[in-house]
1. I'd like the per residue volume of the convex hull spanned by the Cα atoms of the chain, given in cubic angstrom.
2. Accessible area per residue for the range 175-295 in Å², computed with a 1.4 Å probe and the full protein assembly in place, what is it?
3. Given springs between every Cα pair under 10 Å in a Gaussian network model of the chain, which of Pro33, Pro47, Pro222 has the largest fluctuation?
4. Report ³J(HN,Hα) in whole Hz for each residue of the range 143-148, in order, from the Karplus equation J = 6.51 cos²θ - 1.76 cosθ + 1.60 where θ = phi - 60°; Gly and Pro get x.
5. Enumerate the calculated ³J(HN,Hα) couplings along the range 202-209 in order (Karplus 6.51 cos²θ - 1.76 cosθ + 1.60, θ = phi - 60°), each rounded to whole Hz, writing x wherever the residue is Gly or Pro.
6. Take the Cβ-Cβ distance between Ala148 and Thr241 as r, set R0 to 25 Å, and report the resulting FRET efficiency rounded to the nearest 0.05.
7. Please build a GNM for the chain, connecting alpha carbons under 10 Å apart, and tell me which residue among Glu305, Glu158, Glu38 fluctuates the most.
8. Show the residues, 5+ positions off or on another chain, whose built amide H is closer than 5 Å to the amide H of Ala274.
Amino acid sequence: MPDLQRRELLVQGSAALAAIAALYTSRRAYAFPTRPSEEVVRWLDQPTENPDPVGIQKQLVWEDLDSWITPNDKFFSISHFNRPTIDEKTWSMEIGGLVKKPLKLTLADIKARPRQEVVFTVECSGNHGFPFFTGGIGNARWAGTPLAPILEEAGVLENGVEIVFFGTDTGEVAIRDVKMQQNFARSMSLAEATNPDNLLCYEMNGAALPAANGFPLRLIAPGWYGIANVKWLERIEVRDTRFMSLLMARDYVTIREEEHNGETVWTEDSVGRALIKSAPAKVTRKDSDYRIIGAAWGAPIDRVEVQIDQAPWAPATIDRSEEAEHAWKIWSLDWANPSPGEHTVSSRAVSTTGQVQPAMDDPLIAKKHTYWESNGQVTRRVRVV
């Protein structure tokens, strides 16, 4: 079954799932570009101390990246409001608003529906937006049931154009002089929400969703930043207008200067779909030979290029042993006999349509005045002895 490593899987039936999970587990160690007896050379520029250990409880440590799939215990975890404790025996989710047939589904109801898997790299849109937040990313195999058939069963009315996803987590929000309790909530258009890849997800890497990642149910929307993948789901509501909330219209809005006919125009865009990006993950050493390993994601990737110091960009090798449409690409570049001393390592991804990950002085990055959607080229520093 060698081709199973190279494509995403749609799995129905627990026996098939168990067999495929065993296959991935047994082969995963051989799929990553590692060399026996190599050692990791830690970056000189390490993340600064996390000032919000409650909201940001876990991040990916790039030097620990050693598998295509991120284990659950290493997957990043962020919350904006409280982290609810939910009893799956009493939990249910409502689908209502502008529908012909409102639904109320238990976890058992959802698990009884057709099962689908997707491998998807989730990145927080604030990743690399602060010196302390550089590991808000992970790649997992998510399992659940497709959202589109459930919306079809509920029967979206003709004037229903916006699908809002409400989480169980709540927090106090102040707007001007008004204070209110708000649920975490994000929305998509009906066309976006009915993408066949979108899942009501109850499983992560073959296990029940961890509490920190949305137990018992979350939305998985491949291709979107993490903010859109609502955790701890409790309600889906169909509306006839755009949904405007703290996390749609005030926060998670990218502010940027743009030039139009010699004039500066300020724009504001709600954070949505993920942008092309790559990052060097680690440098390894075996004897006098070094290797740079990293990842690229956010768009269909054609190639990745690496720059050491101010040398010309060099093509990296993409690991094709494990791939999926919505998953990151692992890449590597052999670096033979580098000179002793401090070096910089940068990477840039290029999409299949020719889109290039922007440099930090590109107007897309340099004239952006918010920390979200920080997809500029990542540069790390390393010392060779």
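1. Working: hull volume 63.2 nm³, N = 385.
In the chain, the Cα convex hull volume per residue is 164 Å³.
2. Numbers: 4970 Å² over 121 residues.
Here the per-residue accessible area is 41 Å².
3. Greatest mean-square fluctuation among the candidates belongs to Pro47.
4. Here the 3J(HN,Hα) series is 10, x, 10, x, 6, 4 Hz.
5. Each residue of the range 202-209 in turn: 10, 9, 9, 6, x, 10, 4, 3 Hz.
6. Numbers: r = 22 Å, r/R0 = 0.86.
Efficiency, from the Cβ-Cβ distance: 0.70.
7. Of Glu305, Glu158, Glu38, the Gaussian network model singles out Glu158 as fluctuating most.
8. Amide H to amide H, under 5 Å and 5 or more residues apart or across chains, Ala274 pairs with Trp224, Tyr225.
The values are calculated or read from the model by the stated rules, or taken from the named source; none is laboratory data. Please read all numbers here as calculations on a predicted model, not as lab measurements. Cβ: placed from backbone, ideal geometry, glycine included. Neighbour counts: every protein chain shown. These area figures cover heavy atoms from the full protein model, side chains too; ligands, DNA and RNA do not enter into them. Shrake-Rupley method; radii C 1.70, N 1.55, O 1.52, S 1.80 Å.
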